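Below: the structure, in structure tokens.
Nothing in this text is a laboratory measurement; each read-out follows from the coordinates by a stated rule. All figures in this text were calculated on a predicted structure; none of them were measured in a lab. In this analysis, Cβ positions are derived from the backbone assuming ideal geometry, glycine residues included, and neighbour counts consider all displayed protein chains.
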Amino acid sequence: MDANRRIRKSDHRGFAVVYLALMIVVLVGFVSLAVDLGYMYVTRGQLQNAADAAALAGAAMNLGDSASVKQKAIEFAAKNKAAGDDVAVTEGDVTIGNWTPTATPRFSTARFPINSVRVVARRTVAGASAAEQGKVQLFFGKIFALLPGGGEGWPEMSASAEAIALRPPRPTIPIALCETPCTMATPPSVAAPVKFYFKQSGATAPPPEFTVGWTDFSFSSQATDLGPKSDIAKYIHDEMHPPDVCNKGIYTNNGVGEAVQELKQEYESQRDADGKWEVIVPVLAAGVDKYGAPVASCPPGDQPIPYPLTMYAIAWITNVEKGASPGVTFSRLDCLPCGDPSLMGKSPVLVK
């Protein structure tokens with residue numbers, strides 16, 4: 001009896017040792033997995049930092065020069081480390097394209113204008129070095145090879161991160177110019193600013209090329225609402241952003257309304273220490289009436305035909321006047337074709 005009891009106790013102790021050994025193996029496995037996953041989480045964050053820096057650096061360059069964009073992105077990616085090694089980005093990891101948040105896909109190389117840079121920082125190549133974008137070596141993953149069916153274990157893991165930096169456009173206001181001022185012998189300058197008028201009649205009417213009109217960048221609306229709650233006012237205050245209407249016909253309006261007051265208020269809040277507000281204004285070419293006859297784009301705002309928007313101008317506004325002679329004074333007008341990288345804002349921002 002006592003002998004049988006001793007045998008059973010010995011068996012129980014033997015099973016306990018086996019269970020304890022198995023529990024230790026499982027516990028070590030979970031701890032190892034947690035350490036390696038935490039390490040990969042940190043590494044991916046480091047790759048994200050590298051991708052962010054590279055995208056911002058690339059987008060700060062002239063987007064029309066893909067070689068300089070890619071070179072700068074690669075340079076700034078290498079200033080970062082992931083898993084203890086310099087981050088290696090290739091030219092194929094840097095893509096220049098268009099970011100439109102309302103489009104599908106939001107980033108595309110097939111759309112215009114070019115306004116953004118995408119960078120992918122990766123460690124995904126099996127058996128390669130970090131300089132060749134090799135997978136990240138783990139600390140404990142190899143111990144899984146000791147388990148039945150564990151194969152070679154888990155010696156390395158892939159990680160990647162993507163960033164997209166956008167060069168947002170400069171503020172675009174809904175004041176349209178005809179194309180004639182783009183070829184003036186003496187363009188507006190700081191020393192010799194030029195006033196452009198909302199259309200006036202009679203003996204005091206300015207030359208047609210020195211007039212401006214309103215537009216809400218629409219193919220159908222004639223921009224007749226010039227009140228403080230109108231789309232015109234929202235464009236002025238940067239509450240709405242113009243759609244891509246390059247080389248498309250848009251309607252204009254040469255009225256005055258309350259929009260001039262809205263423009264004056266925005267100018268006074270946005271002007272810099274030198275008294276100027278840098279904006280983008282659309283430039284219109286001659287239109288065609290329903291009979292196929294050409295219609296001059298000067299003065300802009302004459303209805304009822306749409307005018308094709310063929311250019312934008314970087315403009316410095318130095319005054320906005322109401323009263324009997326409402327108008328806008330410019331001290332700079334640089335006319336550029338649609339999609340010119342110079343129309344983009346100076347500071348890139350991350351959008352992904």
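Could you calculate the contour length gain from Ala126 to Val295, that is, 0.36 nm times the residue separation minus the distance between their Cα atoms, to one decimal place in nm? Let's see the in-between values first.
Working: separation 169, 0.36 × 169 = 60.84 nm, distance 6.47 nm.
Value of the extension gain: 54.4 nm.
Which of the residue pairs Lys248/Lys346; Lys248/Lys276; Lys248/Lys290; Lys229/Lys264 have a Cα-Cα distance greater than 18 Å in the structure shown? Could the numbers behind the result be given before it?
Numbers: Lys248/Lys346 26 Å; Lys248/Lys276 30 Å; Lys248/Lys290 16 Å; Lys229/Lys264 15 Å.
From the list (Lys248/Lys346; Lys248/Lys276; Lys248/Lys290; Lys229/Lys264), the Cα-Cα distance tops 18 Å for Lys248/Lys346; Lys248/Lys276.
Across the stretch 222-352, what fraction of all alpha-carbon pairs, as a whole percent, falls in each successive 5 Å bin from zero upward?
2, 9, 16, 21, 23, 16, 8, 3, 1, 0, 0
Tell me which residues come under 5 Å, amide H to amide H, from Ala82 once H is placed; ignore anything under 5 positions away on its chain.
Val87
Quick check on the stretch 290-352: take the gyration tensor over C-alpha atoms, sort the square-rooted eigenvalues as a ≥ b ≥ c, and tell me if it's rounded (a/c under 1.5), prolate or oblate. Walk me through the numbers before you get to the answer.
Details: a/c = 2.54, a/b = 1.28, b/c = 1.99.
Because a/c hits 1.5 or more and a/b fails to exceed b/c, the stretch 290-352 counts as oblate.
Hey, which aspartates and glutamates would be in cross-link range of Lys195, C-alpha to C-alpha under 13 Å, not counting anything within fewer than 8 residues on its own chain?
Hits, sequence-local ones excluded: Glu209, Glu321.
Please give every one of the lysines within straight-line cross-link reach of Lys135, meaning a C-alpha to C-alpha distance under 29 Å, and leave out same-chain neighbours fewer than 8 residues apart.
List returned: Lys70, Lys72, Lys79, Lys81, Lys352.
Report the extension gain between Asp238 and Thr204 in nm, rounded to one decimal, defined as 0.36 nm multiplied by the number of residues separating them, less their alpha carbon distance.
Contour length minus Cα-Cα distance gives 9.0 nm.
Quick one: if the Förster radius is 45 Å, what FRET efficiency do Ala78 and Ala103 give, using the C-beta to C-beta distance and rounding to 0.05? Before the final figure, lay out each step's value.
On the way: r = 32 Å, r/R0 = 0.71.
Using R0 = 45 Å, I get an efficiency of 0.90.
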